[in-house]
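Have a look at the structure below, then the notes.
The values are calculated or read from the model by the stated rules, or taken from the named source; none is laboratory data. Worth saying up front: this structure is predicted, and the values here are computed from it rather than measured. Here the Cβ positions follow ideal geometry from the backbone for every residue, glycine too, while neighbour counts run over all protein chains shown.
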């Protein structure tokens, strides 16, 4: 069974609690066969005129005592079994998040956010139900049915039992066919649920854009089509689910008919007593739940197996980058060097970088400029070790970057991306994301360097102001400066600013860059930007075009060169003068 094989690590770890739950369930099934036997004997005694008041009182007390005992035992196995169900959901969600944190960007390009959300919600929930409710139905089917059949044979009549169970092989065939179709339809339903998650996420995160283009109705109509597809596919699953119980009830009803008819015939022939016939029919009624449990087990198992397969597929994907077998220890990044680096994204057909070379000493600043799509952000991301690179193309302190521990590189680098991820927490929590134990003085220093102190002072709660989901309470410039403060708090060896000053005015930009040069003296900074004034102070500037370096040098050298850089600089200076 693939489900058990995929989760054997959990069942092996929790075998004790599962053994307790299954043992108590089996004992409950065994004790549940006592009342029908007592009732049958009581009927025979009444019929024969042998029942006394003391005997009836004793029987009633036994039945009441059994009911109380069974109540306690059922409570024990339910809390034990479904406790394991809740535990496996918790463990699987933790493992899934751990897997996602190890993955590189290529993984998230192959798997949409909606599909990953579906894994963390619906699929893990289905696995938890199989590990709890599924085990319960399986034990009820195997143990409950076996105990009842044994009691039928030993206490009533094997001939009546065989006759009543004639329709049951048909039940196994029908449930097997339905189970296979449930699995296929459930996979389709889960895939459509993931697409719905994607659409909902895009609509909520892009609500401002949708409203600005007056596309609310179109978006609602598109979402209605997506949800209609989800509803349609889930209805197809529900239709098959709805067939389980009626099918089982019909087949069990046929067994009842045979049991009553043939049983009455045996009573007339004095092969069994009236009390035995009543006991048999009670036992036959006790078979209904195990038969229904069998159908439920197949249904839940197919869902759980399908979800386990989807989860296993996500787990089987390995990150493109792994730690080197024998990492080279490098104390400080004394230099950064690229030697003819070319790079193509995993899903792209054209290279984003081609033959890029430069050398940057510790404490220097590199500026990267160029048109939109020229490869500026891609160049900076190569120092984050998110993608696999050609060997010996990127060197830090003379050591190929692929031979340095990934964790070491992460400790060196602070990165401010173009798109800022802000948590729905306070400003303090967002700034201290990379250093939760930062002191108030350290946070104030980072805020001051990012020229964000005046803005915070005007907020009602200061650093304790909650920014809302993804910083909805902040302006674009405030988001950028908060992200810069977050990076500056780390005081890292290498700072990457990826067009991170585009939403601030020129004076604020000048103050931030001045603070960075002053406070980060002796540490390396790389800045990509469209505004050339942000890199005019840089020790070296690269001008990219379609992933290639077409100009390079200092600001003064590039101005003398008279190429794209000079033309763009003069245009931006003229625009700045007109704005003033």
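With 26, 67, 19 as the choices, which residue is in contact (Cβ under 8 Å) with a residue 24 or more places away in the chain and either assigned by TED's automatic domain parsing to the domain that holds residue 136 or surrounded by fewer than 17 Cβ atoms within 10 Å (Cβ to Cβ) (or both)?
26
Residue 422 meets all of the listed conditions (1) under 24 Å from residue 458 (Cα atoms); (2) out of contact with any strand residue (DSSP E or B) (no Cβ under 7 Å at 6 or more places or on another chain); (3) modelled with pLDDT of 85 or more but one, namely (3).
Within segment 301-319, can one find any residue that is in contact (Cβ under 8 Å) with a residue 40 or more places away in the chain and under 30 Å from residue 535 (Cα atoms)? No, every residue in segment 301-319 fails to be in contact (Cβ under 8 Å) with a residue 40 or more places away in the chain and under 30 Å from residue 535 (Cα atoms).
Among the helices (runs of 4 or more DSSP H) confined to segment 121-231, the ones with at least 1 residues that are under 30 Å from residue 259 (Cα atoms) and at pLDDT 80 or above are located at 135-139. In the set 501, 488, 496, only one residue is in contact with a strand residue (DSSP E or B) (Cβ under 9 Å, 6 or more places away or on another chain), in contact (Cβ under 8 Å) with a residue 24 or more places away in the chain and within 26 Å of residue 342 (Cβ to Cβ); that residue is 496.
Against the definition (surrounded by fewer than 17 Cβ atoms within 10 Å (Cβ to Cβ), touching a helix residue (DSSP H, G or I) at 6+ places or on another chain (Cβ under 9 Å) and in the same structural domain as residue 228 (by TED's automatic domain parsing)), how does residue 190 come out, yes or no? Criteria not met by residue 190.
Just one of the listed residues (119, 100) is in contact with a helix residue (DSSP H, G or I) (Cβ under 8 Å, 6 or more places away or on another chain) and free of Cβ contacts under 8 Å to residues at least 40 places away in the same chain, and it is 100. When segment 442-485 is limited to residues that are touching a strand residue (DSSP E or B) at 6+ places or on another chain (Cβ under 9 Å) and crowded, with 21+ Cβ neighbours inside 10 Å, the one that is nearest to residue 428 (Cα to Cα) turns out to be 467.
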